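Throughout, read-outs are computed from the coordinates displayed, never taken from laboratory work. Just so it is clear, the structure is predicted and the values come from calculations on it, not from any experiment. Neighbour counts are summed over all protein chains in view; Cβ atoms, including those assigned to glycine, are modelled from backbone coordinates with ideal geometry.
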Amino acid sequence: MAATVITPSGPGAMEAGLILDEDGQRFVVLTFKEPQGEPTLVTFTVPIFQNYVEHLVRTAAAANEEANWGVPG
C-alpha cells in the first residue's frame with residue numbers, strides 16, 4: 001500500500017470528534033481537510049488515541065531541537 005500524504009492548511013483543516021459505533025464502542029475521529037480534496041477521516045480507539053497524543057507531545061518537544069531534524073532516507 002502506498003503512503004498517503006495529507007497537508008492540511010488553514011482554519012478548520014483538522015478537526016477532532018468523538019463517536020460511538022452501533023455496538024457502543026467509543027472512537028476518536030480526526031478529520032483532515034485539504035483545500036481542493038475530499039476530507040480524510042482517521043479513527044482511533046480511545047487508548048490508541050491517548051498513546052498517539054503522548055507521542056505527539058514528545059514529537060512537538062523534539063521539534064524545538066535543531067539536531068532532531070533530518071532528511072529521511
Check: GNM, the chain, Cα, under 10 Å: largest mean-square fluctuation among L30, L41, L20?
Finding: L20
Checklist line | Once exposed loop GluC sites (Glu not before Pro) are cut out (DSSP; at most 13 other Cβ, 10 Å), longest piece of the chain | finding: 23-64
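Return the Rg/Rh value of segment 14-64, two decimal places, where both radii are evaluated on C-alpha atoms and Rh is the Kirkwood radius. Spell out each step's value before the answer.
Values: Rg = 13.2 Å, Rh = 12.4 Å.
Rounded to two decimals, Rg/Rh equals 1.07.
Please give me, ordered by residue number, the chymotrypsin sites (Phe, Trp or Tyr not before Pro) of the chain that lie in loop per DSSP and have at most 10 other Cβ atoms within 10 Å.
Numbers: sites: F27, F32, F44, F49, Y52, W69; in loops: W69.
Sparse-neighbourhood loop chymotrypsin sites (Phe, Trp or Tyr not before Pro): W69.
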Next item on the list: Specify the residue with the greatest mean-square fluctuation among T43, T59, T31, computed from a Gaussian network of the chain linking alpha-carbon atoms under 10 Å apart.
Entry: T59
Checklist line | Tilt relative to the chain, helix 46-62 - C-alpha long axis, 0 to 90 degrees, to 10 | finding: 20
Margin query: Starting from the 7 Å offset along Cα-to-Cβ, what nm value, one decimal, do you get for the label separation of T45 and N68?
Written below: 2.8
